[in-house]
Amino acid sequence: MNINPRRLRLLFIAMCLCFVQILSGKASVATDMRLMNMIQTDSLFHQGKEAMERRDMDDALNIFTVVCSRDDRKSSRLLFSKAHQLRGNILSAKENYAEAIQAYLQARAIAEHEGFSDRLPSIYINIGNVFSSIGDLDTGISFYQKALSVPDGDGKLKALPIIYNNLLYAYYLKADVDSARKYYEIDHNLGLVDSRSHYDLILNRGLIYELEGKAPEARERFRVAADFARDSLKSPECEAAAKSHIAYTYERENVLDSALVYLHSNEAMARIDGYNNLLVESLRDLARVYECMGRRTESLLYKSEYLSMSDSLFSRENLNFIKNSQVLYEQNADAYTIRTLNTTNALQRHWIIALFVIITVIAFLSVSLWRQKRKLSNAWKGLYERNLSLLDAERHYTGRIAGLEERLKEMEENYLQNEQQTMPPNRKPLITTEQRRILLDKICHVMESSDLYCDPEFSIDRLAAAIDSNSRYVSEMINTEYGINFRTFLNKYRVKEAMRRLEDIENYGHFTIKTIGESVGYKYQATFISVFTKETGLKPSLYQQLSRNRRNRISEI
């Protein structure tokens, strides 16, 4: 057998390099891409899993990147689906969500195309977790629901507790207590007896209590969960999660010293055990709590370290991205890659053209929108000025009672002639003309000279009692004289008073819209906004802003 001397020398050099790395404590498959290229895909995949088990995530990431780059869409599709998913898990743990979602989508495409339905629930959960992590809870929930819709199988059965827990926590973050309670009951009814399920049930019961506003009960559940995680699960991460919730309940109740105790406990655990994600979270929360306490020095110290760690994580992610891109480039430097790049370049040209068209359309729409917005702004100002002029006219209307008397006298002369026209044929007046005049005078006096109508409980019975009359007579008078019912009559007075208070920046400028509404008799903010908008054509917030703008213009003059 002939041995090529050159190949023998290269092999000897590679063995020497490997031996030196072993002696220096730096031997790792992931630190030498050339050695990885010599290893079979199956073996390399298992080495990646071993790296994950020993928590060497950088090695595992590089290994799975190489494995995924060997996907020729012909070899073992199941192995590559798993490799893409495991790579996504590592990237997600490093908070590199952009690359993680790409990895998960690759795993999903293979599983869906090849019919690996048992793998789909866990992949959908991973995708849902990415969206939940970036705050898109609705999309996250949709993927958890998608995992539930997968046909029954071993994969789905194993994933059910995770799905229900994730749904519960997503709805907890959305403060949807009914949905959170629903999935807690479903999870509880699964009857799982393993330690992790027991911990989840304890913690989730605390989350439900927290949403229900039962802070002491919630804290007790979280303490039990923390103790169980420490003593039975031996899981620092689970213990830290429970302590974070304890700190949060104390923070919401403004018991900030107690919140600090648990946050510092998590900080110490993270520093000792090297949990970077927990440390970043603890530093962020400590900075916030110290800020609330007015201790700016400590707050700035923790905020500075938090930002520094966040930047370092971001830099690490960029470095990994560069390395992984280089590995992919080296592994795919063949004719297939060239064809792919040519196709990509062609697509990019089309995208550039499409992008130019889109930008042009957006520019046109932006100009149109600006014009419409300007017109709308002018319309709002005009509507505001009209309402303001009406309000000013009413302010200067000091002869209200005398005017009403003159009007009533005129009405009396024409009343008998017009009575049949203004009243349905089958309806008779309940009171005489003289009584009408007196009653109308009293109604106007009460509504103009008092703020009884600002009471949320003010009703037609209260108005009738205030003028020593009957609610039927008052209703008849309002209907015939004003052509509206009592509720509309009352709303007009309340809205006018609200307009006055929104104009009075000096005394009511610090009031919220909700408070203004409550001050004129509306229990619910939505009702006040609806009635005000209907009467004036402007929302209260816009009316208040226009009032401030007008006041500023006057002060500048």
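The values are calculated or read from the model by the stated rules, or taken from the named source; none is laboratory data. In this text the structure is predicted, and so the values were computed from the model without any measurement. Every residue, glycine among them, receives a Cβ derived from its backbone with ideal geometry; neighbour counts consider all protein chains shown. When the accessible area is computed, the model is the full protein with side chains, heavy atoms only, and any ligands, DNA or RNA have been set aside. Shrake-Rupley method; radii C 1.70, N 1.55, O 1.52, S 1.80 Å.
Summary table below
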read-out: Peptides 294-302, 223-231, 477-485 ordered by average Cβ neighbours within 10 Å, highest first; value: 223-231, 477-485, 294-302
read-out: Table column - 3J(HN,Hα) (Hz), the stretch 177-189, Karplus curve with 6.51, -1.76, 1.60, x for Gly and Pro; value: 5, 5, 5, 4, 5, 4, 6, 5, 5, 4, 4, 4, 6
read-out: Cβ-derived FRET efficiency at R0 56 Å, residue 54 paired with residue 360, nearest 0.05; value: 0.55
read-out: Rg over Rh [alpha-carbon atoms, Kirkwood Rh] for the stretch 451-557; value: 1.06
read-out: For the stretch 144-196, the Rg and Dmax computed from alpha carbons only, in angstrom; value: 11.3, 32
read-out: Förster radius 30 Å - calculated FRET efficiency between residue 178 and residue 515, Cβ distance, rounded to 0.05; value: 0.55
read-out: Accessible heavy-atom area order of 245, 350, 445, highest first, probe of 1.4 Å; value: 350, 445, 245
read-out: Extension gain from residue 345 to residue 195, taking 0.36 nm per residue of separation minus the Cα-Cα distance; value: 48.7 nm
read-out: 20 °C / 1.002 mPa s Stokes-Einstein diffusion coefficient of the stretch 181-239, Kirkwood radius on C-alpha pairs, µm²/s; value: 185 µm²/s
read-out: For peptides 489-502, 462-475, sequence by mean Cβ density within 10 Å, most packed first; value: 489-502, 462-475
read-out: Net lengthening on full extension, residue 261/residue 482 (0.36 nm per residue, minus Cα-Cα); value: 73.0 nm
read-out: Estimated inter-spin distance, residue 297 and residue 471, nm [label 7 Å along Cα→Cβ]; value: 6.6 nm
read-out: Computed lengthening from residue 445 to residue 539, 0.36 nm per intervening residue step minus Cα-Cα distance; value: 30.9 nm
read-out: 13 Å beta-carbon shell around residue 79, net charge (K/R +1, D/E -1); value: +4
read-out: Centre separation in Å (Cα based) which lies between the stretch 437-452 and the stretch 67-116; value: 77 Å
read-out: Calculated from backbone phi, Karplus (6.51, -1.76, 1.60) coupling profile of the stretch 498-505 in Hz, x at Gly/Pro; value: 4, 4, 4, 6, 5, 6, 7, 4
read-out: Given 492/514; 94/182; 375/534; 182/523, the pairs whose alpha carbons are separated by over 23 Å; value: 94/182; 182/523
read-out: Label point distance in nm, residue 386-residue 224, each placed 7 Å from Cα along Cα→Cβ; value: 6.3 nm
read-out: Distance in nm between pseudo-label sites at residue 79 and residue 273 (7 Å out along the Cβ direction from Cα); value: 3.5 nm
